[in-house]
1. Taking H placed 1.01 Å from N in the peptide plane, check which residues at least 5 places from Asp167 or on another chain put their amide H under 5 Å from its amide H.
2. In debye, nearest 20, what is the charge dipole magnitude of the range 1-137 about its Cα centre with +1 on Lys and Arg Cβ and -1 on Asp and Glu Cβ, if you could check?
3. Could you work out the pair-distance distribution P(r) of the range 42-187 from its alpha-carbon pairs, with 10 angstrom bin width and percents rounded to whole numbers?
4. Binning at 10 angstrom from zero up to the longest distance, how are the C-alpha pair distances of the range 1-123 distributed in percent?
5. Find, among the GluC sites (Glu not before Pro) in the range 45-116, those assigned to loop by DSSP (not H, G, I, E, B) with at most 16 other beta-carbon atoms within 10 angstrom.
6. Of the trypsin sites (Lys or Arg not before Pro) in the range 42-149, which ones lie in a loop per DSSP and count no more than 14 other C-beta atoms within 10 Å?
7. So if we plug the beta-carbon distance of Thr119 and Phe67 into 1/(1 + (r/R0)^6) with R0 = 30 Å, what FRET efficiency do we get, rounded to 0.05?
8. Find which of Gly153, Ala31, Ala20 sits farthest along the positive direction of the dipole of the chain, computed with +1 on the beta-carbon of Lys and Arg, -1 on that of Asp and Glu, about the Cα centre.
Amino acid sequence: MPTVCVFCGSGSGKGDAYRAAARRFAVRLAARGLGLVYGAGHVGLMGVLADAALAAGAPVAGVIPRFLVDRELAHRGLTELLVVDTMHQRKALMADRADAFVALPGGYGTAEELLEVLTWSQLRLHAKPVGLLNVAGYFDPLLGWFRRMLGDGFLRPGDAGLPLVADDADTLLDLLAAWRPPPPAPPRGDVR
């Protein structure tokens, strides 16, 4: 079964828009027969996402480092709970199990995971789509930074289409399904 790796907050954010978007994304994911792999938390958007996916019938795998299990943050009702030793192992295992990546709103951890898989895509270390669910314009400042990177010559035009962006679950899932890997990147030429 194709599986989407979702990065999102261990907090819920202010208001209900973020929780509602996480629930809707999980339901739409399940309706398309997709599985979910995520960071295994039971709190914040992570918990909302997992609970909604499970309730909608999607298999949900959670990957969590032991030190977070010990803090009682692990979701105990998942289809599969995978406990690893480090954050690096967590990210590697989630990436290995994923056919696509999606970021929902979150904090530093979400941003770090998103930027890592975008970098891996840019370097052609994986050929999997990366998407942003841009709830209430949450990612607009980040997308502005990406445009600045492109304009100032730190991103190649061929990498400017990373990530795929939509403000609703169905559109984003359609974009992920239609995505095709880019051709190999040409040599940079200005290596220093």
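1. Asn134
2. Dipole magnitude for the range 1-137 comes out near 300 debye.
3. Distribution as computed: 10, 37, 36, 15, 2 percent.
4. The percentages, shortest bin first, are 15, 50, 32, 3.
5. On the way: sites: Glu72, Glu80, Glu112, Glu113, Glu116; in loops: Glu72.
Of the GluC sites (Glu not before Pro), the ones in loops of the range 45-116 whose Cβ has at most 16 other Cβ atoms within 10 Å are Glu72.
6. Arg71, Arg76, Arg124
7. Calculated transfer efficiency: 0.75.
8. Gly153
The numbers here are math on the coordinates, done by the rules we state, and not lab data. Computed from a predicted structure; not experimentally measured. No Cβ is skipped: glycine too gets one built from the backbone with ideal geometry, and neighbour counts run over all protein chains shown.
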